[in-house]
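Notes follow once the structure below has been shown.
The values are calculated or read from the model by the stated rules, or taken from the named source; none is laboratory data. Note that the structure is a prediction, hence the values are computed from the model and not measured. Counting neighbours? That spans all protein chains shown, and the Cβs are built from the backbone with ideal geometry, glycine included.
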């Protein structure tokens, strides 16, 4: 089944200033997350950003935070945002069953959130090139584990073009430069 922008929500997980320097491919991950956020904004896909214990790990990285309204950002202490009732309520309020997930770290908060949200009845979809971990093998094992739990794994461009559906539209023309 193709992703549908009208049924999707973009969930940005823990892309934070004190965590990013420890991740070898953080810049590439942030670029893909930015593409997803900018696309979501142009297509009216809600964006929710999560920060793991921001007092310790800092706020969302500036390149992403600049795109977000502070009301879109929620702090958490549990590794899984599914264990935080106010975050689950914020997700449910959008009434979008498909959660397109990007962020850090793939093997901790992304994994636990995807598994927990699936258990709550959401349909998580994890964006492989928009998630990262301190160790590449941790990211790969996390993606394999999520796939084994029937969580779809996609790429950022797959999300963008599935949300767009067709070329030649004003939305396509606005988003195409972001992909190039």
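So the values come out like this:
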{"read-out": "Output for the stretch 60-98, where each listed residue is part of a helix (DSSP H, G or I), in contact (Cβ under 8 Å) with a residue 40 or more places away in the chain and in contact with a strand residue (DSSP E or B) (Cβ under 7 Å, 6 or more places away or on another chain)", "value": "64, 81, 90, 91"}
{"read-out": "Residues that are closer than 20 Å to residue 172 by Cβ and in a loop (DSSP other than H, G, I, E, B), drawn from the stretch 40-59", "value": "43, 44, 45"}
{"read-out": "Per-region count, the stretch 108-124, residues in contact with a helix residue (DSSP H, G or I) (Cβ under 6 Å, 6 or more places away or on another chain) and crowded, with 22+ Cβ neighbours inside 10 Å", "value": "5"}
{"read-out": "Residues located in the stretch 140-156, provided they are surrounded by 15 or more Cβ atoms within 10 Å (Cβ to Cβ), more than 14 Å from the chain's Cα centre (by Cα) and in a loop (DSSP other than H, G, I, E, B)", "value": "none"}
{"read-out": "Selection status of residue 14, touching a residue at least 60 places away in the same chain (Cβ under 8 Å), loosely packed, with under 15 Cβ neighbours inside 10 Å and closer than 21 Å to residue 99 by Cβ", "value": "no"}
{"read-out": "Output for the stretch 54-107, where each listed residue is surrounded by fewer than 19 Cβ atoms within 10 Å (Cβ to Cβ) and under 16 Å from residue 123 (Cα atoms)", "value": "88, 89, 90, 92, 93, 94, 95, 97"}
{"read-out": "Tally, over the stretch 1-16, of residues that are out of contact with any helix residue (DSSP H, G or I) (no Cβ under 7 Å at 6 or more places or on another chain), assigned to a loop (DSSP other than H, G, I, E, B) and at pLDDT 95 or above", "value": "1"}
{"read-out": "Of residues in the stretch 125-135 being free of Cβ contacts under 8 Å to residues at least 60 places away in the same chain and in contact with a strand residue (DSSP E or B) (Cβ under 6 Å, 6 or more places away or on another chain), the one surrounded by the most Cβ atoms within 10 Å (Cβ to Cβ)", "value": "126"}
{"read-out": "Residue satisfying condition, being at pLDDT 95 or above, assigned to a strand (DSSP E or B) and either over 24 Å from residue 24 (Cα atoms) or in contact with a strand residue (DSSP E or B) (Cβ under 7 Å, 6 or more places away or on another chain) (or both), within set 121, 116, 103", "value": "103"}
{"read-out": "Tally, over the stretch 17-39, of residues that are touching a residue at least 60 places away in the same chain (Cβ under 8 Å) and either under 16 Å from residue 96 (Cβ atoms) or in a loop (DSSP other than H, G, I, E, B) (or both)", "value": "6"}
{"read-out": "Contacts under 8 angstrom Cβ, first residue in the stretch 136-163 being within 16 Å of residue 28 (Cβ to Cβ), partner part of a loop (DSSP other than H, G, I, E, B) and at pLDDT below 95, 6 or more apart", "value": "136/24; 136/25"}
